[in-house]
Every structure is written in C-alpha cells, then in structure tokens.
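Reading through the structure tokens given below for one structure.
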Amino acid sequence: MPEVLKAPLVVEFPFTRSLGPVQSAFLTGLRERVVLGVKTTDGRTLVPPVEYDPVTAEDLDELVEVAPTGTVTTWAWNHEPRRGQPLDTPFAWALVRLDGADTALLHALDAPGPEAVRTGMRVRVRWAAQRTGAITDIACFEPYDGDRPQIAGHDGRFEDMVTGIVAPARLDYVYSPGRAQSAYINSLSSRRTVGERCPSCRKVYVPPRGACPTCGVVTSEQVEVGPRGTVTTYCIVNIKARNLDIEVPYVYAHIALDGADLALHGRIGGIPYDQVRMGLRVEPVWTEGGRYPDHYRPTGEPDAEYDTYKELL
Amino acid sequence: MPPIRDIAVVAFAQSDHLRTTDELSEVEMLIPVLHAVLDQTGLKTSDIGFTCSGSSDYLAGRAFSFTMALDGVGAWPPISESHVEMDGAWALYEAWTKLLTGDADTALVYGYGKSSPGSVRDVLTRQLDPYYVAPLWPDSVALAALQAQALIDAGETDEAALAGVASRSRASAATNSHAQVRGSVPQGEYLVRPLRVGDCPPVGDGAAAVILAAGERARELCERPAWIRGIDHRIEAHGLGVRDLTDSPSTRLAAERAGAFERPVDTAELHAPFTSQEVVLRKALRLGEEVRVNPSGGALAANPIMAAGLIRIGEAAARVHRGESDRALAHATSGPCLQQNLVAVLEGDPR
Ligand SMILES: [Zn+2]
C-alpha cells in the first residue's frame, strides 16, 4: 500500500455576529468597565445576562449593574494553555459568581499555582488594556482580598453601543483523502487518470470515492480512463475569482472522460468561450510541474453524438 | 402519547475504534459497518424504509461530509433520508418517530466521526455560546474538569473514586474487541486538574449503525428484538454558570419520560466520556450497585464522537439480543458538561 497522503488544512473564518439589546449592553459595559446582569421575573440576577429566562423562557431586558468582584464557585487548573485561551501562562478556569449576581461567569483566573486556588476564594476582574466590547475585555480574574467596591447602579444605557462582534475561528487539520482518492491523486502524478469500477453495476467512477452511490458497495477495481473526453454540459464564468489568474469569461465544463461513467469538471481552453458546445471532444493540457490538468482543449475530432453521453449528463 | 406501534432495535454493528484511520475516508470507514448491520438482518440497502445519520463536518474539517458518506448507503436512485448534526443517538430518535408515524417499517441509523484529522479539544469549543464563551476557547477537558471539581467540592466523589470508574471501565472493555483503550491503563498526569489522562476518553475515529424495525417486521428480522419501551431527550441552559453541574435534571426528566423509573433495569450503557460524568448520571438515573453499568467499557474505552451515544443504544440492544439483559437503559449525551441527554429503555420479550 502506498504511503498515506497528508496535507495541512486550515479552516478559518471571522464570524461576524450581531447582538441583541441585552448582549449589546453587557458587552458595551465591559468596554466601559461596567459589569451588567439581567433581572429575572423571580428576582434573580443572571450574569452573564441572557435575553430569555433559562427556566421560564420569558423575555428579559432589565439590566442591573453588579460588582467586578466575586467568588469562585468551581475551578480547574490548566497547566498547558492552548491557542486562543485568555492567558498563555498556566491559569485556572473558573466559574465566578460576581457580587450581586445569582449565576456564574466562565473566565480565566490568573494565580501562581493550583495551591493558590480554591472554591469560595475571592477574586476580581482584571480589565484588558484595550477594550472593544467583547468578553475578552475581561483579561482574566485575579485573587482579591479587599472589600466589595461600591457600584454606581448603571442601567445599561451607553452612548455608542456595541452592536456586533467579530469572533475569529481557526481550526487546524491534517487532511488525508482516504484510499480511493489517494490512488487517484497518486496516478495523476504520472499524468494518468484512474477511476474505480463498481463490482455490482460495473460503472466507473472518476474521481473515485471508494463506494458506488447506486449500489452502496465498496469499489476497488482500478480502471484507467481518458485521456480524451466529451463535454457533457458547461457554463460560462464571468466573475473573476480572487487569487485565480484566469481571464474571464471562461468556460467551466463537465467532461466525461472516455471509459468513465461519471463526468468530472474542468476548465476549457484553446477555444473561444462562445464556441464551446455539448459534445465537444477535449483532451487534458498539463503544465510543467502541474499535479492535475491545468485545463482541457479541443482535440479536433468530430463532436460526439448526443446518444453517446446523454446518460452522463 | 403512548407508542402506536412497537419498534425495536434489531441489529447493531460498529467499527474497531482507532486513534487514527488516515488510510480511510469517512465513507470508506463507514461502509463495512453498514454492510455488517445489514448482513445481520439479510436486508439490502434498497429494502430500508428510512435512513438517518448523525455526524459533524467540524470534526474532520470536511464540508458536507455527510452527503459523501451517503455513497455508502446506495442513495441513488433517491432514498428517504435525513441527517442530524448530532450524535447518531439523535438520528435514532428521528428514525423512531418516523417509524411511529407508519411511514416506514425499517430504518437504518448510523453515526460516525473522524476526530484524528483535527484537535477535538479545540473543535468542540465551536459548539459553545459564540458571544460569551467560545471566544475564550475553553476546551472540552477544561469544562469537564470544572464539573469534576464541583462534584469533589460537593463531596460526591474524589480523585480515587474517579480513578476507580476509569479502571472498572477499561477492565470491562477488555472483552470488547472494538474498544480503543482496554485493560489496565495508568491514570497518568493531570490534563486539566482534577482530571487526569485516565479520567478522559480516548480520541479516535469510528462508526456505528443500527437497524430499527416495527412490529412483526422486527420479529422476522431478529430472534429477540430489543423493544424501545420509551425514548426521550432533554436539554439544559447553555450557560454553564446557570446550571448545577453536580446534577443532571435533563437526564432525570428524559429518563422519567422514557419510563426508566417504572421498573428496575439490569443494565445501563451510559455515555459518560469523563469519569466524573458517570457519577452525575448514576445519581440522576438512580442506578444502584446492582445495575451493570457500561459492560462494554463505555465512552472511556472508545469515544468516536457522533457515534459514541448511538453505540450505547446498540450495546444495550445487543445485550438484549443475546439474552444477557431483559431491561436495559441506554443514555447518550451531547454538548459540554452533559448539556443534552437522551435516554432509551430497551426490553426483550419475556422468557
Ligand atoms: Zn454500483
């Protein structure tokens, strides 16, 4: 068995999220060093605040200020901080019930070691130097022995409310394509296109995914197809993709390689875009060092009869 | 509403759960399991009335991966199919409701997950509240550790008792050839204190499938069907600081609605990826020492995400099929610190 193919894959997205009135007030408050909770109809104060009562599902909107000091209700010592976490030195995760609140907020607690942390210990907010209206405006909590500070009783109305957050997310993977697609990619490196034949219905799938979607069985018999093929259908692309150095308009087509029972897709070149047609016979064009065909160009053969490819549309 | 027709789990199959399956795509990992479960009943994919799956694109970083996995069930010409972005246990719930309506007599349910391409501790942060929690990237072990510490503070367990749960689970898994971690395993260092390596589930890839059938069809397909006497799932507030982490009221309510407390069960397959969660679940489900808990080894022996809950139902059902249990409870969980919980009660015909 050939070596398993692997490549890094990064999935990254800056999620842009709008805030409702309650979350907007809370996060704006953090920017202004004010911690807000929301009152429930039975008189509890939820921090962090939510728009609906988690017990009754009633609308909540009465914001009240709570203290930036509080008590640890549970904790866990994190000796190896991971990417994105609030501190890059060992810290405790903690649920902290702020003074004036009935529920606890999750955040990091900066402490010298696990011996310095216990449930019931007193802590206070350490504010981030740069604050934008996000949960990370609380840099972390820190141990605090002092008195509970006076609070002004803010009602949650600020000038210039924060109405949205951008939450970047990044996950790192090592992608491996599996047996069938590895064989396909490996064959491309010698400029061959290899599909797999279903043992039951005898169809040849290109690129192979390891299973026949009609029969639900494993495919494994490798079959070389092409290199020539027939355009079964196509579209004309008029919008230039970012980072793609291809002049528009160009044609993107489904191409049934000779011997294949499934069309794959590729770009058509070497012919004006408005002369591409169903039935056009094409062949792959490889560029120096390319790991797959750069595009397909006309072979000059007569067009294929519709009946020869109608099942592959 | 009482079930209008009896529905049973009639077959169960699972993969060998492995740390990595680099050489296989998701569908390549899944197909042998689908064939194994079909072979048990003699059914072909074209005989199945409804198909439902559970998986998550975030695990392997493959967009719409469930559509590619459908190649494994023979989805052309079109079949009646659905998918949940949840553990396959929830897909089973959907299939159960479909069979209740009478629209289908048989259902194929599967769940699969490849955790090896990514970092599952980081991946699972993406299911958290995106405003207040996810930006802090608290990983799944950290959140479970907060729950474990809450239990220790409440006097409900201690580190030695948690180690006992770990060793009992892995010892039980010694006879489970599919399990990833078996036999004696050291508790190891703290991952996030108070949880040590041994308190946490292995990270791995795997798949599972079951077949459900209604009424007489179930008796034709299986000598001793595992009748689903009740099944229910409940959810708790997403805010961790709102919840009492030492209890699981959603599990208790789901169990009550599933009829779990009407008569004692002899077996319980609990989806407790962390040792501390077994403590919570035993209390919520009022399981006494006489109940055989996780004879398969449970999620501490193999925790293929999106399949591990379905495996609990499958393992419980398989014990009924084999005559090793007459009334078994199966539990599945999803979300941080047992946020969402599903309970099913399975019974064999009286002997
Ligand atoms: Zn076939």
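Some observations on this one:
- Shape of region B:51-103, Cα gyration tensor, a/c cut at 1.5: oblate
- Put a dot 7 Å past the Cα of residue A:170, heading toward its Cβ, do the same for residue B:216, and the two dots end up 6.3 nm apart.
- In sequence order, calculated HN-Hα J values of region B:335-345 (Karplus, 6.51, -1.76, 1.60; Hz; x Gly/Pro): x, x, 6, 6, 5, 10, 9, 10, 10, 10, 10
- Per-peptide average of other Cβ atoms within 10 Å, ordering B:303-316, A:263-276, A:60-73 highest first: B:303-316, A:60-73, A:263-276
- Rel. contact order, % - alpha carbon contacts under 8 angstrom, at least six apart, region B:57-201: 16 percent
- Evaluating 6.51 cos²θ - 1.76 cosθ + 1.60 at θ = phi - 60° for every residue in region A:197-202, the Karplus couplings come out as 9, 6, x, 9, 9, 6 Hz, glycine and proline recorded as x.
- Interchain or long-range residues, amide H under 5 Å from residue A:297's placed H: A:269, A:283, A:285
- Table column - 3J(HN,Hα) (Hz), region A:303-313, Karplus curve with 6.51, -1.76, 1.60, x for Gly and Pro: 4, 6, 5, 3, 4, 7, 10, 5, 6, 9, 5
- For residue A:147 and residue B:82, the FRET efficiency from 1/(1 + (r/R0)^6), where r spans their Cβ atoms and R0 equals 56 Å, is about 0.45.
- Helix-only CD estimate at 222 nm, as mean residue ellipticity for the protein assembly as shown, using -39500 (n - 2.57) per DSSP H run (n ≥ 4): -6000 deg cm²/dmol
- The ellipsoid equivalent to the alpha-carbon distribution of region A:183-277 has semi-axes of 29, 14, 12 angstrom, derived from the gyration tensor eigenvalues as √(5λ) and listed largest first.
- Gyration tensor verdict on chain A (Cα atoms; rounded if a/c is under 1.5, prolate if a/b is larger than b/c, oblate otherwise): prolate
- Cβ-derived FRET efficiency at R0 25 Å, residue B:19 paired with residue B:161, nearest 0.05: 0.35
- 21 Å Cα-Cα threshold exceeded, pairs from B:98/B:283; A:203/B:44; B:114/B:283: B:98/B:283; B:114/B:283
- For residue B:81, distant residues with modelled amide H under 5 Å away: B:51
- Between region B:197-239 and region A:245-313, the alpha-carbon center distance in angstrom: 48 Å
- A simple spin-label model places pseudo-atoms 7 Å from Cα toward Cβ; at residue A:161 and residue B:244 they are separated by 3.6 nm.
- Taken as Cα centroids, region B:138-154 and region B:1-66 sit 32 Å apart, rounded to the nearest whole angstrom.
- The protein assembly as shown shape via C-alpha gyration tensor axes, a/c threshold 1.5: oblate
- Separation of the residue A:51 and residue A:13 label points, Cα + 7 Å toward Cβ, nm: 2.0 nm
- Entry note, chain B: relative contact order of 25 percent, from Cα contacts under 8 Å with a spacing of 6+ residues.
- Region B:105-237: projected area of the alpha-carbon convex hull, averaged over directions, in nm²: 11.7 nm²
- Remark on residue A:126: its backbone amide H falls under 5 Å from those of A:139, A:140, A:141, A:142, a criterion applied only to residues 5 or more positions apart or on other chains, H modelled at 1.01 Å from N.
- Estimated FRET transfer efficiency (residue B:57, residue A:59; beta-carbon r; R0 25 Å; 0.05): 0.15
- Taking a Cβ cut-off of under 12 Å around residue B:260, the surrounding Lys, Arg, Asp and Glu residues balance to a net charge of +2, with basic ones at +1 and acidic ones at -1.
Read-outs throughout are calculated quantities, based only on the coordinates presented, and are distinct from any laboratory measurement. Treat the numbers as computed from the prediction; the structure is a model and nothing was measured. For neighbour counting, all protein chains shown are included, and Cβ atoms are generated from backbone atoms with ideal geometry for every residue, glycine included.
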